[in-house]
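Structure first, commentary second.
The values are calculated or read from the model by the stated rules, or taken from the named source; none is laboratory data. Just so it is clear, the structure is predicted and the values come from calculations on it, not from any experiment. Every residue, glycine among them, receives a Cβ derived from its backbone with ideal geometry; neighbour counts consider all protein chains shown. The accessibility values were calculated without ligands, DNA or RNA, using every heavy atom of the protein model including side chains. Shrake-Rupley method; radii C 1.70, N 1.55, O 1.52, S 1.80 Å.
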Amino acid sequence: MWSLALSIFAFGCEDDRDLVVAQLGDAPVITSPGAGLSVDITEDNLADEFATISWTPADFGFAAAVNYKVEIDVAGNSFAEAVELGTSTSDDVSVVNSKVNNIMVAKGLPGGEFTDMEIRVRASASGELDELISAAITVSVSPVAVEIDYPKLQVPGSYQGWDVENEATVIYSANSDGNFDGYLYIGEDGAEHKFADGPSWDVNWGDTGADGTLDANGDNIVLGTAGVYRFSVDINTLTHSSLRTDWGIIGDATPGGWDTDTDMNYDQVTGLWTVDIDLVGGANIKFRVNDGWDLDLGDNDTDGKMEYGGADIPVAESGNYTVTLDLTNAIYTYILAKN
């Protein structure tokens, strides 16, 4: 009898769970700024407000704490390279001109010229539910060509005396989107470090359990043998990784073709990778790490600025070259100097 009662109760609970289904309602609708916003950013108004972006609440079909993320990208790009403008749990985000300007300059958009940009709002309530995304609005913005002050994370550790104010041991967010990337020379085996929103220890992260997840005030992160390490941090998801790197050149313009790397040499003083090499004109090169294709750099726009997995880099003329790879700044660059 008790067995039958328990069976009925179990089936009843399962049926109740099946009935709890979220009915997604309306996505947020941006109410401000209105259509036709045009902003001419100059050096004199960088600190001024660009806009307060407001929207109607998203409807997930039940009372929920909703997280909103405001994004911007070049109009017509379908937000393929969207950058975050701000987050909120309410219904608006205030944005200053310098934030938009840095994003546009980092995207290589011309200063002093108006470019159409699109803004949208993404709403999320649970990892189990789809996001609700607003329709985009278009604004016209003319950035000013200034040196970008990229967001950065300090990387204090035993290798540099745990100096949280050291501006030489930082990594950057080139897109101002909470993703930080950079290369630092670690001159000792088994070095320990943390990440900090410096230049203080007030906000810092370690990795308790060494599981790749960052923890506020967590345990020191332990590295392997000395060398140049790539540090990659996503503050949005509180994840990180590190990789000891040796860089080389590969391509049909090199002596080894696409089969064998030509190793580059690292200078601990300048932080640059260089090599003298004979290159074939009309052919191409790329830079890659540790003799493999897990991590490589190319140049999509042949402008000397590189992207991970970017296009092959053309060599104009045959000859002996000094090739320099610079990974010391937020934007990675290279130089092919014919000797």
Problem set entry | Whichever residue in segment 286-300 is under 15 Å from residue 252 (Cα atoms) and in contact (Cβ under 8 Å) with a residue 40 or more places away in the chain and, among such residues, is most open to solvent (accessible area, probe 1.4 Å) | 288
For this session: Could you please give the count of residues in segment 135-149 that are in a loop (DSSP other than H, G, I, E, B) and either touching an Asp or Glu at 6+ places or on another chain (Cβ under 7 Å) or open to solvent by 60 Å² or more (accessible area, probe 1.4 Å) (or both)?
Result: 7
Exercise. Restricting the search to segment 211-236, which residues are hydrophobic (A, V, I, L, M, F, W, C) and over 22 Å from the mean Cα position of the chain (by Cα)?
Worked result: 222, 223, 226
For this session: Please tell me if residue 164 is under 21 Å from residue 181 (Cβ atoms), touching a strand residue (DSSP E or B) at 6+ places or on another chain (Cβ under 7 Å) and not polar (S, T, N, Q).
Result: yes
For this session: Being touching a helix residue (DSSP H, G or I) at 6+ places or on another chain (Cβ under 9 Å) and not in a loop (DSSP other than H, G, I, E, B) is the filter; apply it to segment 33-50 and report the residue that is surrounded by the most Cβ atoms within 10 Å (Cβ to Cβ).
Result: 50
Seminar exercise, completed: Taking segment 188-206 and keeping only residues that are open to solvent by 50 Å² or more (accessible area, probe 1.4 Å) and either hydroxyl-bearing (Ser, Thr, Tyr) or in a loop (DSSP other than H, G, I, E, B) (or both), one is left with 188, 189, 197, 199, 201, 202, 203
For this session: For segment 87-94, indicate whether the set of residues that are in a strand (DSSP E or B), at pLDDT 95 or above, open to solvent by less than 20 Å² (accessible area, probe 1.4 Å) and touching a Ser or Thr at 6+ places or on another chain (Cβ under 8 Å) is non-empty.
Result: yes
For this session: Check off (1) in a loop (DSSP other than H, G, I, E, B); (2) modelled with pLDDT of 95 or more; (3) closer than 22 Å to residue 288 by Cβ for residue 171 and give me the number that stays unchecked.
Result: (1)
For this session: Mind listing whichever residues of segment 327-339 are of a type outside the set (Phe, Trp, Tyr) and either crowded, with 18+ Cβ neighbours inside 10 Å or out of contact with any strand residue (DSSP E or B) (no Cβ under 8 Å at 6 or more places or on another chain) (or both)?
Result: 327, 330, 336
Exercise. Scanning segment 301-326 for residues that are open to solvent by 80 Å² or more (accessible area, probe 1.4 Å) and part of a strand (DSSP E or B), which turns out nearest to residue 109 (Cα to Cα)?
Worked result: 305
Exercise. Under the condition of being within 15 Å of the chain's Cα centre (by Cα) and open to solvent by 10 Å² or more (accessible area, probe 1.4 Å), which residue from segment 150-161 is nearest to residue 202 (Cα to Cα)?
Worked result: 152
Exercise. How many of the residues in segment 54-86 are in contact (Cβ under 8 Å) with a residue 40 or more places away in the chain, more than 25 Å from residue 234 (Cα to Cα) and in a strand (DSSP E or B)?
Worked result: 1
